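Please read the structure below before turning to the comments.
The values are calculated or read from the model by the stated rules, or taken from the named source; none is laboratory data. Computed from a predicted structure; not experimentally measured. Please note: Cβ atoms are built from the backbone with ideal geometry, for glycine as well, and neighbour counts cover all protein chains shown. The protein model used for the area step is the full one, side chains on, heavy atoms only, and it has no ligands, DNA or RNA in it. Shrake-Rupley method; radii C 1.70, N 1.55, O 1.52, S 1.80 Å.
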Amino acid sequence: MRVFNRRWFLTRAATVPLVAGCQGTGFSIFGYQAGAGALYDQNIRTVYVPMFNNRAFQTTPYRGFEVDVTEAVVREIGKTTTFRVTSNYESADTELLGNIVGITKQKLNVNQLNQTREAEIDVLVDIVWRDLRDGTILSNPRPRAAPGRSAPNPKVDAPPPPFDPNVPVPPDDKGLDLPKPVRITATGRVIPELGETIASGSAQVQKQIAIQVVKLMEKRW
């Protein structure tokens, strides 16, 4: 009986991507694509990210919070995805819109002097990602096919009537997709005894928002 050689298998498996070859930021192994190229739509090249809108509390220390969130999202897109962020709206393939709708801070624990021992910052952001080439809202949920359609429906699946050049072509009544903003929630912890401040808690929130936005941009299976 032949003994399985784990080291030989791992060595051979590691050389497969080199044999199969790499394209872009992904590679193929055993006929399957891996890497960032497998997670993101390769038909999309560029993303335009305007400054996020801030409808929430904007006084100190949250003034300019939308600037930091936008910068965090742009960095995460460039680091994780195959997309390139562009400042040219006219040439961009897609547009990513963000709207900060809520910023709240709540105390979770105080000492006898009513000083904060633990608090958290909660931020709500609405995201819309749309294709500038055809108006498709890429962040909208996809409609699901109706169940139980194994047999064809003659009223729906019947062949189209023969073409008659004398009959005018009806206008295309397909309207543009209506955006359904995706609500993202992020929370940052603030514990002064550990040296954590509102600034560090806000940085946690911005990182979480950026990661969730990039997750939203992944290809749908």
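Using label points projected 7 Å from each Cα along Cα→Cβ, tell me how many nm separate Asn99 and Ala203, to one decimal.
So the label points at Asn99 and Ala203 sit 3.1 nm apart.
For Val49, what charge total do you get from the other residues with a beta carbon under 10 Å from its beta carbon, if Lys and Arg give +1 and Asp and Glu give -1?
Details: positive: none; negative: Glu71, Glu95.
Once positives and negatives cancel, what remains is -2.
Around Leu138, which amide H atoms from residues at least 5 apart in sequence, or from another chain, sit under 5 Å from its own amide H, with H modelled in the peptide plane?
Sorted by chain and number, the residues that satisfy this are Trp129, Arg130, Asp131.
For segment 45-140, state which GluC sites (Glu not before Pro) are in a DSSP loop and have at most 16 other beta carbons lying within 10 Å of their beta carbon. Intermediate values should be presented prior to the final figure.
Working: sites: Glu66, Glu71, Glu76, Glu90, Glu95, Glu118, Glu120; in loops: Glu90.
Those that pass, being in a loop and sparsely packed, are Glu90.
How much length, in nm to one decimal, is gained on full extension between Arg55 and Leu113, taken as 0.36 nm per residue of separation minus their Cα-Cα distance?
17.5 nm
Quick one: if you stick a label point 7 Å off each Cα along the C-beta vector at Glu196 and Gln106, how many nm between them?
For Glu196 paired with Gln106, the spin-label model returns 1.6 nm.
What length, rounded to one decimal in nm, is gained on full extension from Arg133 through to Tyr89, with 0.36 nm per residue of separation minus their alpha-carbon distance? Each step should come with its number before you reach the end.
Numbers: separation 44, 0.36 × 44 = 15.84 nm, distance 1.13 nm.
Computed gain between Arg133 and Tyr89 is 14.7 nm.
Can you tell me the length gained on complete extension of the stretch Gln42 to Arg189, counting 0.36 nm per residue apart and subtracting the Cα distance?
Working: separation 147, 0.36 × 147 = 52.92 nm, distance 3.68 nm.
Length gained, Gln42 through Arg189: 49.2 nm.
I'd like the Karplus ³J(HN,Hα) series for segment 191-202: coefficients 6.51, -1.76, 1.60, θ = phi - 60°, whole numbers in Hz, and an x wherever there's a Gly or Pro.
For segment 191-202, the Karplus curve yields 10, x, 5, 9, x, 7, 10, 4, 5, 5, x, 5 Hz.
Which order do Leu132, Leu178 take when ranked by solvent-accessible area (1.4 Å probe, heavy atoms of all protein chains), largest first? Display every interim value, and only then the final one.
Details: Leu132 50, Leu178 135 Å².
The ordering from most to least exposed comes out as Leu178, Leu132.
Using θ = phi - 60° and the Karplus relation 6.51 cos²θ - 1.76 cosθ + 1.60, list the HN-Hα couplings for segment 127-140 in order, rounded to whole Hz, with x at every Gly or Pro.
10, 10, 10, 10, 8, 6, 7, 9, x, 5, 8, 5, 8, 5
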